[in-house]
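The values are calculated or read from the model by the stated rules, or taken from the named source; none is laboratory data. On a predicted model such as this, the values are computed, not experimentally measured, just so you know. Note that we place each Cβ from the backbone using ideal geometry, even for glycine, and neighbour counts take in every protein chain shown. Please note that ligands, DNA and RNA were not included when accessible areas were found on the heavy atoms of the full protein model with its side chains. Shrake-Rupley method; radii C 1.70, N 1.55, O 1.52, S 1.80 Å.
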Amino acid sequence: MESIYWAHLVVVLCLGTFVSCLCQNDSDANFSAVYIVTLRQASAAHYYGELTRDGASLKYGSSGRLNIHKPRFGNISRTDRRYNSYIARVHDSLLRRVLRGEQYLKLYSYRYVINGFAVLVTPGQAEKLSRRREVANVVLDFSVRTATTHTPQFLGLPHGAWTEVGGFESAGEGIVIGFVDTGIDPTHPSFADNICEHPYPVPARFSGICEVTRDFPSGSCNRKLIGARHFAASAITRGIFNATQDYASPFDGDGHGTHTASVAAGNHGIPVVVAGHHFGNASGMAPHSHIAVYKALYKSFGGFAADVVAAIDQAAQDGVDIISLSITPNRRPPGLATFFNPIDMALLSAVKAGIFVVQAAGNTGPSPKSMSSFSPWIFTVGAASHDRGYSNSIILGNNVTIHGVGLAPGTDTTYKLISAIHALNNETSVASDMYVGECQGSSSFNQDLVQGNLLICSYSIRFVLGLSTVKQALQTAKNLSAAGVVFYMDPFVIGFQLNPVPLKMPGIIIPSPDDSKILLQYYNSSLERDGLTKKIIRYGAVARIVGGLKANYSNSAPKVMYYSARGPDPEDNFLEDADIMKPNLVAPGNFIWAAWSSLGTDSVEFQGESFAMMSGTSMAAPHVAGLAALIKQKFPSFSPSAIASALSTTASLCNKTGGPIMAQRAYANPDLNQSPATPFDMGSGFVNATAALDPGLIFYSSYDDYMQFLCGINGSAPVVLNYTGQNCWVYNSTINGADLNLPSIVISKLNQSTTVQRSVINIAGNETYNVGWSPPSGVSVKVVPTRFTIASGERQVLSVYLNATMNSSVASFGRIRLFGNQGHSVNIPLSVGVQILIKHY
């Protein structure tokens, strides 16, 4: 495996010196910023990806293999270094000609997914570049942010999907998943290549390298972790990159990237031990797949589009099969449409080259139009619960039980309760230290009062902000020889949802302010005070902590989590709806155990641990990336749209009891504010790993389909040309989002009536299908044909007729189902927004 040594310190020092020169004038006209410049000449991916265009003849056989008759498009390959060198020289030459004698700094040459570069220049210099005939587009850089022991069992992998690909020992074999995230801890056993007897043959097509630095030394990569790079040039130019804290290497100083990589592709059977307690064994979804890391996000500042695009460009050039993005933009992209931004357009080129792209929906739910992943070529994943959880409880002396959280042991008997503010030493008072009740230091307390008792501490907003920590409070309790710790929620912390926290001693956190009041009322009512001095002479409250180390299981799972971003998909900053279904589906994202970086700081409570329990759409997306690897392994010739179709049409619509999947509707008390999930909450439904490996029918969309869609946006022709180098006039017709051949139908505005068509290809054996549907409210639906027989490898067109039967300004939902006589079932969600019915008199 090729290795390269990067002189990070020299690079950082040089960039820092250069930036100080560029930025010494603080006027707006001269202040430098990073711009992403796209040239009109098409990128390498547009040539490499031509084989999947309509110019090639496509036919699926019963094996699921796509037989491609490839036209002649030249000999450009992903790894053609001569082409890469030539493109970089073209970029350098253009900059020298346009900015002759002026200071500037080129950060990246993008060669593969887009033809362009990132450059640090002044607004005036950016204007000069934009006027050049060779330049298509100049965009100001923008910021981005980051958005399992049991989930393989919950998804049915051991006796389902894994058996389809030869068992966990070979699940994902030969597939490379690229992670654009915060890096990876290469020392974690989840990424070792020597714990399984089954070999890890590295795909010959993969050409990535492994950077070598002091904190990512030679030997960090292996036959499991086969590539690792980092991208931080844009961050460095801003003067916010701290090489010590952020690590100028692929090493993960945050924890997020290590977590997501192990969810998708971590080794099977790795013991999860946290705070000295064993929580089972972990496995990724595709434990025998390969990992390639492209670090472009950092703990202290997040990341920037210029670095993310560079990471995507390199991943595509290296030859990954899947790109997993647990990141979203910090704001909705400005401009004509949300789809026209450097990241999404780079991903369009990656999809054209045959790479399946998975992105987290974002953690901005539950409000409508909170979606942070926009484009139809990107597979967007929302977060749902799974059936395993951990709950703790405390039984008070008056027999009242209060539920809470805390991965902690229980107490063997009942102990006396004592509040931290009643256990102060003579030198400390609440007046002198208003935060003393948070138990952040033992020197303030009287050990004689605390020893052998349960210490009550306050959990305030300072814990949320990281100014106080549970770990420090536990250390205080330990130093004072307390029997355990009880945290009550400060009443000013409203609606805060708390993940289970590891506690090395008996303890509990009561997340509800109302339940906290019950605890404090019992405690205060049990105090005895001196009649004259009012000093406490007896602490009468007692309690027993049950403990929260044992998992419990719920039949109500899955449910869509309150934080999971929701549709409809916003097409622009005016919040016009796109006719695109988002999210595509939901997957496990809540309370997910997975690997953690040894130096990870994203969660203070898991610092120093090798595993962490995290929640978010960031955790849901890699579940799907791993499952996509299983599909790609079984069907090597599947296009990205075929993989997306297999996942979508087979998604589950019911929870474990057979009832509807529910969606949480509020941040505060989410379980008390829920209702049946709609397609804008869960897309096609909850991912079904086993069924996705036998979808029966697939919906195929080509690059040209996406181009016709983009060209159909009013006024988009110049923008499309700028980003892709292609003219819209080469397409004889354009289409809107509803006409894309997606496994869903969204009509944001139904003016009386419309007809849409969908085309399916049979990848299974000969089968007869019956078509059924449930129409949205106020809409009549008819599908033709209602019954068809389709041979293996053949295509069937379905016409869907929709008519408004009433006026409505509220979206309504329905569903089309195709039932095959060989057991296949195809699910097509249907959404209709504004309905306009014109009455004739």
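Name the single residue, out of those in segment 450-463 being out of contact with any strand residue (DSSP E or B) (no Cβ under 6 Å at 6 or more places or on another chain) and either open to solvent by 40 Å² or more (accessible area, probe 1.4 Å) or of a type outside the set (A, V, I, L, M, F, W, C) (or both), that is nearest to Asn479 (Cα to Cα).
Looking at residues that are out of contact with any strand residue (DSSP E or B) (no Cβ under 6 Å at 6 or more places or on another chain) and either open to solvent by 40 Å² or more (accessible area, probe 1.4 Å) or of a type outside the set (A, V, I, L, M, F, W, C) (or both), I get Gln451.
Looking at Asp694, Asp681, can you tell me which residue is in contact with a Gly (Cβ under 8 Å, 6 or more places away or on another chain), charged (D, E, K, R) and within 30 Å of Ser554 (Cβ to Cβ)? Break it down into steps so the answer makes sense when it comes.
Values: Asp694 fails: in contact with a Gly (Cβ under 8 Å, 6 or more places away or on another chain).
Matching residue, one of Asp694, Asp681: Asp681.
Please specify each residue of segment 361-384 satisfying the condition of being crowded, with 24+ Cβ neighbours inside 10 Å and closer than 30 Å to Phe487 by Cβ.
Selection gives Gly362, Gly365, Ala383, Ala384.
Looking only at segment 303-310, decide whether some residue is under 17 Å from the mean Cα position of the chain (by Cα) and open to solvent by 10 Å² or more (accessible area, probe 1.4 Å). Please lay out each step first, then the result.
Residues of segment 303-310 that are under 17 Å from the mean Cα position of the chain (by Cα), as a first pass: 303-305, 308-309.
Of the ones still in play, those that are also open to solvent by 10 Å² or more (accessible area, probe 1.4 Å) are 304.
Taking every residue of segment 303-310 in turn, at least one turns out to be under 17 Å from the mean Cα position of the chain (by Cα) and open to solvent by 10 Å² or more (accessible area, probe 1.4 Å).
Return the residues of segment 221-247 that are open to solvent by less than 10 Å² (accessible area, probe 1.4 Å) and either under 23 Å from Glu605 (Cβ atoms) or small (Gly, Ala, Ser) (or both); say none if nothing qualifies.
As a first pass, look at segment 221-247 and keep what is open to solvent by less than 10 Å² (accessible area, probe 1.4 Å): 224-228, 232, 234-235, 237, 246.
Gly227, Ala228, Ala232, Ser234, Ala235, Asp246, listed by residue number.
Would you please list the contacts, defined by Cβ atoms under 8 Å and residues six or more apart or on different chains, that run from a residue in segment 525-536 that is open to solvent by 100 Å² or more (accessible area, probe 1.4 Å) to a residue that is part of a loop (DSSP other than H, G, I, E, B)?
As it stands, the answer is Arg529/Lys535, since those pairs meet every condition given.
Residues checked against (1) modelled with pLDDT under 90; (2) in the same structural domain as Lys299 (by the TED database); (3) over 28 Å from Phe216 (Cβ atoms):
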| position | (1), (2), (3) |
| --- | --- |
| Phe611 | no, yes, no |
| Ala628 | no, yes, no |
| Ser637 | no, yes, yes |
| Ser645 | no, yes, yes |
| Ser648 | no, yes, yes |
| Ile661 | no, yes, yes |
| Ala668 | yes, yes, yes |
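Identify, please: which residue in segment 576-624 is assigned to a strand (DSSP E or B) and open to solvent by 10 Å² or more (accessible area, probe 1.4 Å) and is, among those, nearest to Ala171 (Cα to Cα)? Talk me through it step by step, then tell me what you get.
Just the residues of segment 576-624 that are assigned to a strand (DSSP E or B), to begin with: 577, 585-588, 592-595, 611-614.
Now restrict to residues that are open to solvent by 10 Å² or more (accessible area, probe 1.4 Å): 577, 614.
Numbers: Asp577: 39, Met614: 24 Å.
Among them, the one singled out is Met614.
Can you say whether Ser808 is open to solvent by 10 Å² or more (accessible area, probe 1.4 Å), at pLDDT 95 or above and of a type outside the set (Lys, Arg), as far as the supplied structure shows? Even if it seems obvious, please write down each step before you answer.
Details: open to solvent by 10 Å² or more (accessible area, probe 1.4 Å): yes; at pLDDT 95 or above: no; of a type outside the set (Lys, Arg): yes.
No; evaluated as a whole, the condition is false for this residue.
Is it true that some residue in segment 194-201 is in the same structural domain as Ser637 (by the TED database) and either under 15 Å from Ser300 (Cβ atoms) or buried (at least 23 other Cβ atoms within 10 Å of the Cβ) (or both)? Spell out the reasoning first.
Going through segment 194-201, the residues in the same structural domain as Ser637 (by the TED database) turn out to be 194-201.
Applying the additional criterion that residues be either under 15 Å from Ser300 (Cβ atoms) or buried (at least 23 other Cβ atoms within 10 Å of the Cβ) (or both) yields none.
No: zero hits.
Can you tell me which residue among Gly725, Gly712, Gly778 is modelled with pLDDT of 90 or more and not assigned by the TED database to the domain that holds Val797? Before the answer, list the steps.
Details: Gly725 fails: modelled with pLDDT of 90 or more; Gly778 fails: not assigned by the TED database to the domain that holds Val797.
Only one candidate passes the filter, namely Gly712.
Applying the selection to segment 276-315, what residues are touching a Lys or Arg at 6+ places or on another chain (Cβ under 7 Å) and of a type in the set (Gly, Ala, Ser)?
Gly276, Gly302
Looking at (1) within 16 Å of Asn770 (Cβ to Cβ); (2) part of a strand (DSSP E or B), find the lone condition where Gln835 falls short.
(1)
Taking the condition of a type outside the set (Ser, Thr, Tyr), under 25 Å from Val138 (Cα atoms) and assigned by the TED database to the domain that holds Asp681, does Pro376 pass?
On the way: of a type outside the set (Ser, Thr, Tyr): yes; under 25 Å from Val138 (Cα atoms): yes; assigned by the TED database to the domain that holds Asp681: yes.
Yes; evaluated as a whole, the condition is true for this residue.
For a quick check of your reading of the model, give me the residue pairs whose first member lies in segment 653-665 and is over 7 Å from Pro676 (Cα atoms) and open to solvent by less than 70 Å² (accessible area, probe 1.4 Å), whose second is part of a loop (DSSP other than H, G, I, E, B) and among the small types (Gly, Ala, Ser), with beta-carbon atoms closer than 7 Å and at least 6 apart or on different chains.
Leu653/Gly685; Asn655/Ser556; Asn655/Ala557
Restricting to segment 349-372, what's the tally of residues that are outside any loop (DSSP other than H, G, I, E, B) and in contact with a strand residue (DSSP E or B) (Cβ under 9 Å, 6 or more places away or on another chain)? Explain how you work it out, then say what you get.
Residues of segment 349-372 that are outside any loop (DSSP other than H, G, I, E, B), as a first pass: 349-352, 356-360.
When the remaining residues are screened for being in contact with a strand residue (DSSP E or B) (Cβ under 9 Å, 6 or more places away or on another chain), the result is 350-351, 356-360.
Matching residues across segment 349-372 total 7.
Among the residues of segment 100-126, which ones are surrounded by fewer than 17 Cβ atoms within 10 Å (Cβ to Cβ) and either touching a Ser or Thr at 6+ places or on another chain (Cβ under 6 Å) or over 23 Å from Ile236 (Cα atoms) (or both)?
Arg100, Gly101
Quick one: would you say Ala764 is open to solvent by less than 20 Å² (accessible area, probe 1.4 Å) and assigned to a helix (DSSP H, G or I)? Quick ask: steps written out before the conclusion?
Working: open to solvent by less than 20 Å² (accessible area, probe 1.4 Å): yes; assigned to a helix (DSSP H, G or I): no.
In short, no.
As an exercise: evaluate Pro513 against (1) at pLDDT 90 or above; (2) within 19 Å of Tyr435 (Cα to Cα) and give the number of the one condition it does not meet.
For Pro513, the failing item is (1).
Could you check, for segment 429-443, whether at least one of its residues is within 15 Å of Ile394 (Cβ to Cβ) and either small (Gly, Ala, Ser) or touching a strand residue (DSSP E or B) at 6+ places or on another chain (Cβ under 6 Å) (or both)? Can you show your working first?
Residues of segment 429-443 that are within 15 Å of Ile394 (Cβ to Cβ), as a first pass: none.
No, segment 429-443 contains no residue that is within 15 Å of Ile394 (Cβ to Cβ) and either small (Gly, Ala, Ser) or touching a strand residue (DSSP E or B) at 6+ places or on another chain (Cβ under 6 Å) (or both).
Examine segment 504-523 for a residue that is part of a loop (DSSP other than H, G, I, E, B), under 37 Å from the mean Cα position of the chain (by Cα) and surrounded by 22 or more Cβ atoms within 10 Å (Cβ to Cβ), and state whether such a residue exists. Let's see the steps before the verdict.
First pass over segment 504-523, keeping only residues part of a loop (DSSP other than H, G, I, E, B): 504-506, 511-512.
Next, from what is left, pick out any that are under 37 Å from the mean Cα position of the chain (by Cα): 504-506, 511-512.
Now narrow it down to the ones that are surrounded by 22 or more Cβ atoms within 10 Å (Cβ to Cβ): 506.
Within segment 504-523 (the criterion being part of a loop (DSSP other than H, G, I, E, B), under 37 Å from the mean Cα position of the chain (by Cα) and surrounded by 22 or more Cβ atoms within 10 Å (Cβ to Cβ)), the answer is yes, since at least one residue qualifies.
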